[in-house]
Every structure is written in C-alpha cells, then in structure tokens.
Amino acid sequence: MPGKNVGGVLRVCTALVMALVCHLAAQTRPAADVIITNANIYTVDKTKPRAEAVAILGDRIVAVGAIAEVDTWRGSNTKVIDAGGKLVLPGFDDAHVHLVNGGKQLESIQLNDATSSSEFVNRIAERAKKIPKGEWITGGDWDETKWDPPQMPSKELIDAVTPDTPVLVGRYDGHMALANSIALKLAGITGKTPDPPGGLIVRDARGNPTGGLKDAAMDFVNKVMPPLSHDRRLRAVKRALAHAASLGVTSVQDMNPEYADVEVYSELLDRGELTARIYAAPMITGWEDQAKIGIRRAFGSPYLRMGAVKGYADGSLGSTTAYFFDPFTDTPNTHGILDAQMQPISKMRQRILGADASGIQLCIHAIGDQGISLILDLFADVVKAHGQSDRRLRIEHAQHMAANDFERFAQLHVIASVQPFHAIDDGRFAERRIGPDRIKRTYAFRTFLEHGVRLALGTDWDVAPLNPMLTVYAAVTRATLDGKNPNGWVPEQKLTVPETLEAYTMGSAYAEFQDQEKGSITSGKLADMVILSDDILSIDPKLIRDVQVEVTIVGGKIVWQKEAHPTQ
Ligand SMILES: [Zn+2]
C-alpha cells in the first residue's frame, strides 16, 4: 500500500516537472516565422494526413496539427496567414521539365493569335524595337489560317520593320518557318541554293527565296544562329521560375540542360533568387564530366543539385519514332527508330554501367514498348554487374508497356516518371496509331501502381503546359483534349486525386532522392507548400483544371501570391 502512494506522488511530480519543462521550452524556443492557420491541410504524410495549421521556422516546418497546438509557436513577429479554410498541399515537384526551353517559350514573340498580316508585322516590328541590334527574333508559332484574309507570309512583309534584326519565326506546326532577308543572307540562302534532302526553300515565280523554309531547309538558318547568350539564358530562367512560382511548382527536375544552364542556376542560387529547387540531369553522353569530379546522385544543396544524367532510347509516338516491337497500325512500314545513343546498344550499355559505377542516377527517355524493354534489359545488366542498391533508376515517359514488363519494372525498382498531360493529348490519335490491344497498356498509371511501381509525376514542359492542375486533371479524368472521351480514355487507368498528389509530391521527391527532405507537410521537412483556390480533393474532377494557386511558399518564403491574404 505505501508503495502505491509513493508511486502516486512520483507520478504527480513527473507531471509537474514535465509541465515545467514544456513551459520553459515554449519560452526559450524561438517563435515561428510563419504560421498558416485556419487551413484545410492535406499533408501527403500517411502518419498524419490532415491538419488545420502549420508553423514554419527558417526554411523548415516545425509543427503541423490542430490550430491550438500550432498556435503555441506564435510570437510577436510571427507572420500569420489565415488560409480561410482553403486547401494547403505540399508544393508540386515536377519530375521532368526543360526549364530553359520553357523560359525561352515564355520570352519569345507570340504570333499565334494574330488575326491579320498587319498584326503579325506590327508584333514583329515592336519586338525588333525592343531588343538590341543583331539579336534574333525566333519562336512565334504563327498561323496564317487565322488571318483575314489568310495569306502565306513572305520576307517582304517584315523586311522593312527588321532592318537590323535577323528573324526566323516558326509556323505553329513546327514544319515551316519564315526568315527575313538578313537571316537568309546570314545562312547563305540564294536563288541558287538547292533544296536540302527532306526540306524545301519556298520560291517566287522567278525562283527567288520568299523567306518560307520547310522542314530540313530551316536548318540552314538554325545553324547560323548564335548560341543563347548568358543574358538571354538568365532572362529565360527568371521567366521560367516566375511561371513555376505562379503555378505552385516548388521543385523541378531539369532534363538534359546545357552546362551553361546550370551556370545560370548557380548564379541565381548565389544571389538567393532561385524560387524553385532544381535537380539538373545533363545528357548521358557527358556522364564522365560529373563522374570525373566525383559528383554523385543528388549532390548539392536543397536548392540546386546534380548527379543524374538523362539519356534517350527512342523518339515519340506523334512522330512515329517511338520504338515498338510491332509496326504502327496506321504506318505499318515502320515500328519506330532507336535513338542515336542506342546505336549500337553496347555503347549505351557502357555509358549506363559507367555512370552507375560512379554513383550517378540514370533517367532514360523510353516511350515505345521495345524501347522500354531494351532499357529494362540494360538496367538488369546494371543490377547484375553492380549488385542491388538504392539507385532509383528511372524511365522517363514509360508510355507504352509490353504486358510482361510491369513485373520487371517492379523487380528492378525502376521509377516510372510519367506525364499525364501527354495522355490526354496523345489520346486523340494514339488508338489509330497503335491499335486496340497496345492501347490498354498505354499511360498505364494504375497498372504501375498495382505492380508496386513508384510513380513520379511531371509535365515535360515546354512540350506540355507546366500547370500542375492540368496534370492532376489529366490523371484523374483522362478526358482527351478533343472532348471525345469525357468519361476517360482507357478509364481503368485513371488515378484518384490522392494517388495523383502522392505521385506529384512524395513520388517525385523520391525520384530525386529527396523524400526525407520534402514532398509532404511534415515537421522537419522543407517548408514548400501551396494554398489552392478550391479543394481539389472534393470538387468535381472536371473543374480541377480551372483551380488556381493563391500562395506559393518555398523554404518558408512566399514566392508568389495571387492577392493579399489577411495577415497579422
Ligand atoms: Zn522531355
């Protein structure tokens, strides 16, 4: 009996001591820099999926939970963001972008919606006035069928407004461009230049070039265009970063950047101007450059890392260059083309084995079923040669799967780095191209999950839009862009919103060896998150594509805000 009393006293003492310790801790620990409160937080952390508030100290999350709980972190200088009950998610991690191309696209002249030849000319004239002498005008995506009246443009239209500015503006389909006289002169194109194989120089009645260049003929001009200057590259990256911030993309995995791109990222890192975290994976043909100086997978800081390479097995479905076992249904004379990097395959095996032996992560583009199969063979060679280890091999796109390769994907622990937007884009013509059987294993996101394969989500921007809401919409609805499959194209492959979010945050973070650092709203992780205008977990999935990002936070800092939120 006395023992019980002693125990009781001890328990009371312990409780008192604990309360005192907690009180002291609350007094001595620093207050949060930012608290987001009154929020509908979906954490993508299975141990604690829902919360009402989150506290941030420095660049890290320090508390996630109920409002009262998180409020203990509030101090006099804490910035409090009242989320007004809106959905808060971890920031989106786009596992496959081409950042500089994306920025260049945003930077380049927009001609696509011009409604007349005079508007086309005026836009080019304005651009020419704004840029330094001698700088090229490129891009454009003009579409003369939208003009009133429609008229194929010629160099005479634009020569007068571009006396000192070389111009090569592309038609929206990518198969034709318009050059002005300076550009033709720099390229050495005259009436006497013969058409190149696979290309056409458009000529007038007297045989003189009109400025129109089709397919391979565009290369004459492309070849003489100077490489992107440091300034223009910097401008493009800044545009890309601002675009990413406005869309809630807090991390990007940059596929085959040039080294000069990485230099720009590094410069922006220095200045504290990186508003998205970048994992750069240069081309596999240069794998020895990183290996030489001992850069291994995910080397670097939370904002800028390297240690991966990107390779190519084949081309794309749209251009019938994806490499299949069987011929295309609508183009039976071909079953695709292996990329030059795969010719011969032994050369690619050498690169892959060499990079892996040096600790470099492998991200290989493979789209057709045989292209994917061949890369799985090479990955199996890697495991055989170097043993099992946590190397997180990746196949980029992984679009069209052979039936028995899902199992191999799982066994080799290969990550499927996929882009759902391509599914609703290709879905317009894919069945015509590859027929009703192969279509069942096309963009087979659910089958991957059923086999225990990790998905990482991305967009392939600038090939597809960077907006994560379009990607979530695509994965969840599989409604093709032409509106012909409102209930989903191969609907059995649809993902749920939680599955999509997991793949787009934790899945992508895992694919870049950062799942301990980010990808969920978890105490201790980097404070990267977004506040959305609507709850994409409960609204009609058709409406997801119109949802907007209201606030984007990277490393505890607001990098984008749609409108002023009540703060105190
Ligand atoms: Zn790509």
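The values are calculated or read from the model by the stated rules, or taken from the named source; none is laboratory data. Please read all numbers here as calculations on a predicted model, not as lab measurements. With ideal geometry, Cβ positions are generated from the backbone for all residues, glycine too; neighbour counts draw on all protein chains shown. Ligands, DNA and RNA are stripped out before the accessible areas are found, and what is left, the full protein with its side chains, is counted by its heavy atoms. Shrake-Rupley method; radii C 1.70, N 1.55, O 1.52, S 1.80 Å.
At 7 Å along Cα-to-Cβ for each site, give me the label-to-label distance between Asn333 and Ser389 in nm.
Result for the modelled spin labels: 4.8 nm.
Search the structure for amide H atoms under 5 Å from the amide H of Lys79, placed 1.01 Å from N in the peptide plane, and list their residues when 5 or more places away or on another chain.
When sequence neighbours closer than 5 places are left aside, the close amide H contacts are Val34, Ile35.
Which percent of Cα-Cα pairs in the stretch 214-286 sits in each 5 Å bin, short to long?
Values per bin, smallest distances first: 3, 14, 21, 21, 16, 12, 8, 4, 1.
Relative contact order of the stretch 125-235, please, whole-number percent, based on alpha carbon pairs below 8 angstrom and at least 6 residues apart.
22 percent
Which whole-Hz ³J(HN,Hα) couplings does the stretch 515-523 yield from phi under the Karplus relation 6.51 cos²θ - 1.76 cosθ + 1.60, θ = phi - 60°, glycine and proline marked x?
Working through the residues one at a time gives 5, 7, 9, 7, x, 8, 8, 9, 4 Hz.
Can you list, largest first and rounded to whole Å, the semi-axes you get for the chain by taking the square root of 5 times each eigenvalue of its Cα gyration tensor?
47, 29, 23
Is the stretch 264-361 rounded, prolate or oblate when judged by the Cα gyration tensor, a ≥ b ≥ c being the square roots of its eigenvalues, rounded requiring a/c under 1.5 and prolate requiring a/b larger than b/c?
Oblate shape, in that a/c is at least 1.5 and b/c is the bigger or equal ratio.
Return, ordered by residue number, the residues of the stretch 55-82 whose backbone nitrogen is under 15 Å from a label point located 7 Å along Cα→Cβ of Ser523.
It comes to 55-57, 60-74, nothing else.
When a/c reaches 1.5 or more, the comparison of a/b and b/c decides; with that in mind, is the stretch 452-568 rounded, prolate or oblate per its Cα gyration tensor?
Taking the square roots of the gyration eigenvalues as a ≥ b ≥ c, the stretch 452-568 is oblate.
Counting only protein heavy atoms, what percent of the accessible surface of the stretch 444-510 is carbon or sulfur at a 1.4 Å probe?
53 percent
Evaluate the relative contact order of the chain (contact order divided by residue number), counting alpha-carbon pairs under 8 angstrom at least 6 apart; express in whole percent.
The normalised contact order for the chain reaches 16 percent.
Check which residues have an amide H placed less than 5 Å from Gly311's amide H, if you skip close sequence neighbours.
Ile284, Cys363, Ile364, His365
Please identify which residues in the stretch 439-471 have an amide N closer than 20 Å to a label point set 7 Å out from the Cα of Glu407, following the Cα→Cβ vector.
Once the point is set 7 Å along Cα→Cβ of Glu407, 440-442, 444-454 turn out to lie under 20 Å by backbone N, inside the stretch 439-471.
Per DSSP H run of n ≥ 4, the term is -39500 (n - 2.57); total these for the chain, divide by its residue number, and report the mean residue ellipticity at 222 nm rounded to 500 deg cm²/dmol.
Value at 222 nm, helices only, nearest 500: -9500 deg cm²/dmol.
When the accessible area of the stretch 218-324 is computed with all protein chains present and a 1.4 Å probe, what percentage of it is carbon and sulfur?
Roughly 54 percent of what the probe reaches on the stretch 218-324 is carbon or sulfur.
Are there any helices in the chain, counted as whole DSSP H runs, that stretch 30 Å or more along their axis by Cα and score at least 0.5 on average by Kyte-Doolittle, and if so which?
2-28
Set the Förster distance to 35 Å, then compute FRET efficiency between Ser346 and Thr496 from the Cβ-Cβ distance, nearest 0.05.
Once the sixth-power term is evaluated, E becomes 0.25.
If the convex hull of the alpha-carbon atoms of the stretch 28-161 is projected onto planes in all directions, what is the mean projected area in square nanometres?
Mean shadow area of the hull around the Cα atoms is 14.4 nm².
Which value, in Å³ per residue, describes the convex hull spanned by the Cα atoms of the stretch 378-460?
95 Å³
Hey, what do the phi angles of the stretch 293-300 turn into as Karplus ³J(HN,Hα) couplings, whole Hz, using 6.51/-1.76/1.60 and θ = phi - 60°, x for Gly and Pro?
With the stated coefficients, the stretch 293-300 comes to 9, x, 7, 10, 3, 6, 6, x Hz.
Given H placed 1.01 Å from N in the peptide plane, which residues other than close sequence neighbours of Val62 have an amide H under 5 Å from its amide H?
Sorted by chain and number, the residues that satisfy this are Ala55, Ile56, Leu57, Gly524.
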